[in-house]
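To start, the structure itself, in structure tokens.
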Amino acid sequence: LRAGEPGEVLLAAAGELDAELLIVGSRGLREIGCVLLGSVSSELMRAAPCPVVVVPPGSAVPVSGIRSVVVGVDGGERDVPLLRLAADLGRRLHAAVHAVHSFQVQPGAYGAGAMAPPLTEEPREAADERLHRAVDEAGVRARESVVERAAADALVFAAEQDGAGLIAVASQGHGKLHSILHGSVTVRLAAQAPVPVLVLPTEAELDAGSGHYELPEAA
């Protein structure tokens with residue numbers, strides 16, 4: 001039991017104890033409205049030195065346990081450490097890893113009233129390539145899926161199809177205002193996901209010798 005601002009207290013405790021994980025609850029739909037006011041889970045998702053598990057209200061782990069971890073791959077530099085984290089956690093939990101990359105064809109690209117050309121496979125092929133490259137670079141074994149939906153919706157869809165017990169994403173590393181205005185995937189999932197959400201904060205380091213959650217040197 002410690003006195004102080006919850007976010008600061010939890011960050012300090014994680015540092016003192018070399019914690020591997022921080023686990024917190026979120027306020028659900030109200031979370032989005034509270035981010036600007038200093039939501040604890042939002043602060044931890046950005047600044048924690050270790051991965052953070054956020055448990056949205058109403059979320060549940062399947063009765064069969066955490067048999068599958070759905071990982072959001074967005075083509076960024078955090079994909080590789082996130083995939084390695086999910087694979088290591090999957091090894092500990094005896095859970096499979098399902099890497100998911102979403103894409104959407106931008107509406108209105110041809111102007112109002114213009115007739116868009118027939119959709120081709122190019123957006124999907126590019127998404128497939130990005131996903132496969134990330135999984136290959138991470139050196140992990142994972143099922144790969146490309147879903148034509150918004151990112152948060154794609155991850156929830158995959159988790160529901162899998163009966164997954166966990167969704168893993170990397171923090172986008174932006175400030176509170178940016179997260180609100182741009183619909184941060186991590187904020188949306190932390191508020192509404194049907195299962196707990198594992199977030200890799202921007203400040204978290206996973207290399208051996210870094211303290212906290214240390215990944216093995218070999219994938």
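The values are calculated or read from the model by the stated rules, or taken from the named source; none is laboratory data. Bear in mind the structure is a predicted one, so any value in this text is a computation, not a measurement. When we count neighbours, we look across all protein chains shown, and the Cβ atoms used for this are built from the backbone with ideal geometry, even at glycine. Ligands, DNA and RNA are stripped out before the accessible areas are found, and what is left, the full protein with its side chains, is counted by its heavy atoms. Shrake-Rupley method; radii C 1.70, N 1.55, O 1.52, S 1.80 Å.
A few comments on the model shown:
- In this structure the amide hydrogen of residue 96, modeled in the peptide plane, comes within under 5 Å of the amide hydrogens of 68, 69, none closer than 5 places in sequence on its chain.
- Here the Karplus relation 6.51 cos²θ - 1.76 cosθ + 1.60, evaluated at θ = phi - 60°, turns the backbone of the stretch 186-195 into coupling constants of 5, 5, 4, 5, 4, 8, 10, 5, x, 9 Hz, with x for every Gly and Pro.
- Amide H contacts under 5 Å for residue 147, placed H, 5+ residues apart: 101, 102, 103
- Difference of contour (0.36 nm per residue) and Cα-Cα distance, residue 8 to residue 94: 27.6 nm
- When you count the other C-beta atoms within 10 angstrom of each residue and take the mean per peptide, 78-89, 190-201 line up highest first as 190-201, 78-89.
- Residue-wise HN-Hα couplings along the stretch 51-63, as the Karplus relation 6.51 cos²θ - 1.76 cosθ + 1.60 with θ = phi - 60° gives them from phi, are x, 10, 9, 9, 10, x, x, x, 6, 8, 7, x, 4 Hz; Gly and Pro carry x.
- Each residue of the stretch 90-103 was assigned a 3J(HN,Hα) from its phi angle through the Karplus expression (A = 6.51, B = -1.76, C = 1.60, θ = phi - 60°), giving x, 4, 5, 9, 6, 10, 7, 10, 10, 7, 10, 10, 9, 8 Hz with x at Gly and Pro.
- Calculated FRET value between residue 150 and residue 202, using beta carbons and R₀ = 22 Å, to 0.05: 0.50
- Solvent-accessible area of residue 43 with every protein chain in place, 1.4 Å probe, in Å² to the nearest 10: 50 Å²
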